[in-house]
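To start, the structure under review is shown below, and the notes come after it.
The values are calculated or read from the model by the stated rules, or taken from the named source; none is laboratory data. No experiment lies behind these values; they were computed from the predicted model shown. FYI the Cβ positions are ideal-geometry reconstructions off the backbone, even for glycines, and counts take in every protein chain you see.
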Amino acid sequence: MGPNARLRLAARVTGIGPAAVAPATGHPFARLLATPAQAAALLGWSPPGARQARLAAETAREHWGLPTARPAAIERVPAEGMRLL
């Protein structure tokens, strides 16, 4: 594998803005709303990546008092964006 950079972080998300448009198709990029564990599985992360997702959820619970997300149906974020509670 050649040079690369990786960034994983935890943040409290309260809203998602409009989707950017793919230059090749002119269609908005698809975005999904998923738990950290679901995202790790969808992205094919190995066990260390799944562990990082779990630790991000624990950090959100410990630092911001946010509940750990329970598995639910993965939602598509509308192209215009959405507010989250």
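Just to be sure, is A10 out of contact with any strand residue (DSSP E or B) (no Cβ under 7 Å at 6 or more places or on another chain), under 16 Å from R70 (Cα atoms), modelled with pLDDT under 90 and not basic (K, R)?
Here the answer is no, as A10 does not meet what is asked.
Can you say whether P48 is assigned to a loop (DSSP other than H, G, I, E, B) and out of contact with any helix residue (DSSP H, G or I) (no Cβ under 9 Å at 6 or more places or on another chain), as far as the supplied structure shows? Criteria not met by P48.
The single condition from (1) part of a helix (DSSP H, G or I); (2) over 12 Å from the mean Cα position of the chain (by Cα); (3) not hydroxyl-bearing (S, T, Y) that P23 fails is (1).
Of the residues A10, A53, A30, A57, only one is part of a loop (DSSP other than H, G, I, E, B) and touching a helix residue (DSSP H, G or I) at 6+ places or on another chain (Cβ under 7 Å); which? When all the criteria are applied, what remains is A10.
Every listed requirement among (1) on the phi > 0 side of the Ramachandran plot; (2) at pLDDT below 90; (3) not β-branched (V, I, T) is met by G26 save one, (2).
Screening the candidates A19, A60, A10, A34 for the property of being surrounded by 12 or more Cβ atoms within 10 Å (Cβ to Cβ), in contact (Cβ under 8 Å) with a residue 60 or more places away in the chain and not β-branched (V, I, T) yields one hit, A19. The residue list A39, A79 contains one member that is in contact with a strand residue (DSSP E or B) (Cβ under 7 Å, 6 or more places away or on another chain) and either surrounded by 11 or more Cβ atoms within 10 Å (Cβ to Cβ) or assigned to a helix (DSSP H, G or I) (or both), which is A79. Scanning region 47-85 for residues that are small (G, A, S) and under 15 Å from the mean Cα position of the chain (by Cα) gives G49, A50, A53, A56, A57, A60, A69, A72, A73, G81.
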